[in-house]
1. Contact list please: Cβ distance under 9 Å, first residue in the range 255-272 and over 20 Å from ASP172 (Cβ atoms), second residue of a type in the set (Ser, Thr, Tyr) and part of a loop (DSSP other than H, G, I, E, B), pairs at least six apart or on different chains.
2. Regarding ARG143, is this residue outside any helix (DSSP H, G or I) and charged (D, E, K, R)?
3. Taking the options GLY262, GLY258, GLY243, name whichever one is touching a Cys at 6+ places or on another chain (Cβ under 8 Å) and under 23 Å from PRO86 (Cβ atoms).
4. I'm told GLY236 meets every condition in (1) surrounded by 14 or more Cβ atoms within 10 Å (Cβ to Cβ); (2) more than 23 Å from the chain's Cα centre (by Cα); (3) not assigned by TED's automatic domain parsing to the domain that holds GLY318 except one. Can you identify the failing condition by its number?
5. Within the range 111-125, does at least one residue satisfy the condition of being in contact (Cβ under 8 Å) with a residue 60 or more places away in the chain, in contact with a strand residue (DSSP E or B) (Cβ under 6 Å, 6 or more places away or on another chain) and either over 30 Å from ARG41 (Cα atoms) or aliphatic (A, V, I, L, M) (or both)?
6. Taking the range 62-86, which residues are surrounded by 19 or more Cβ atoms within 10 Å (Cβ to Cβ), at pLDDT below 95 and either of a type in the set (A, V, I, L, M, F, W, C) or in contact with a helix residue (DSSP H, G or I) (Cβ under 6 Å, 6 or more places away or on another chain) (or both)?
7. Restrict the check to the range 199-221 and report whether at least one residue is touching a strand residue (DSSP E or B) at 6+ places or on another chain (Cβ under 9 Å) and polar (S, T, N, Q).
8. So if I check each of GLY275, GLY219, GLY258, which one is over 30 Å from LEU19 (Cβ atoms), among the small types (Gly, Ala, Ser) and surrounded by fewer than 16 Cβ atoms within 10 Å (Cβ to Cβ)?
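The values are calculated or read from the model by the stated rules, or taken from the named source; none is laboratory data. The structure displayed is predicted, hence computed values, not measured ones. We place every Cβ from the backbone using ideal geometry, glycine too, and count neighbours over all the protein chains shown.
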Amino acid sequence: MQAAGIREQATGNPEQDPLVVILLGPTGSGKTALSLELAARFGGEIVSCDSVAVYRGMDLGSAKASADERKRAPHHLIDIADPDEPMTAGEYARRGRQALKAITGRGRLPIVTGGTGLYLRALTEGLFAGPQRDEELRERLRRSAEARGSGWLHRVLARLDRGSAERIHGNDVPKLIRAIEVCLAGRRPMSELLASEDGARDPLTGYRLLRIGLNPPRGALYERLNRRCAEMFAAGLVEETRGLLGRFGRVKALDSLGYRQGLAVLAGILSMQAGVEAAQQGHRNYAKRQLTWFRREPDVRWIDAFGDEAETVCLAAGLVEQSRL
């Protein structure tokens, strides 16, 4: 189904624009399995939308498509950078749009799948064109937050921009720092900049978007996530983390789920069992945040099941068929 707003801004005849399928949903919901089935049925190529899968060597913790799975359909934006190479949402969007153009140019169906909401929004809606990053200011804010404790950055932002403070969670340090940075550099609240022409985004045009969301039963999802985390550690996640740490040092990419707990095990802060349990809790919390984010996406066709269930595949395939008519 076409997203409202995208159709209005599309170029040419919207009914003739190529279709892009977007599979969204929480981690562990079966997006990879569903993407492979749809790719096989409709001649598709898969565009990963995952902020960890972009990094080479980060395999177990990212649950990226395996080598065998990647043989079943062409995949894009997996293993495109080393962990010490920063990958921003803007860079992801640039490469993602290049991939969409190349795939549709071959007459194939792009299937975007993954759980990084910011990357997806950057790809489809573009990013806020705010002031450039100020690394010195960011470092000062990070040090101040560590010294003053939880909640300090949120209080600072509330004084500068109450609207943004109400929208950003008090524990989301990267977004709080960016909002403060924008307020100070732009000399006015970020919420005002977002609403002005100065903050105009660059939405994706020339495509019809079909968003399919997976929302399996919460209890069953949590059980699956608990098993997957235990399997990651059993397969050698701590050793993978050790190797990455030795090659690249304590890079930001290693702060992602699974690797963060792997580092704590290596440092002796957590036992192996405690690391598994912390990763399980972290993934459950992340799944909840993802669902909250994705519910704000427009025109999502939700399926209340896992993506690897036969009924889900049939329902999703039917939606694709309807959209291709």
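1. VAL265/SER271
2. Numbers: outside any helix (DSSP H, G or I): no; charged (D, E, K, R): yes.
No: the conditions fail for ARG143.
3. Just a single option satisfies the conditions, and that option is GLY258.
4. (3)
5. yes
6. Matches in the range 62-86: ALA63, ALA65.
7. yes
8. Answer to the selection: GLY219.
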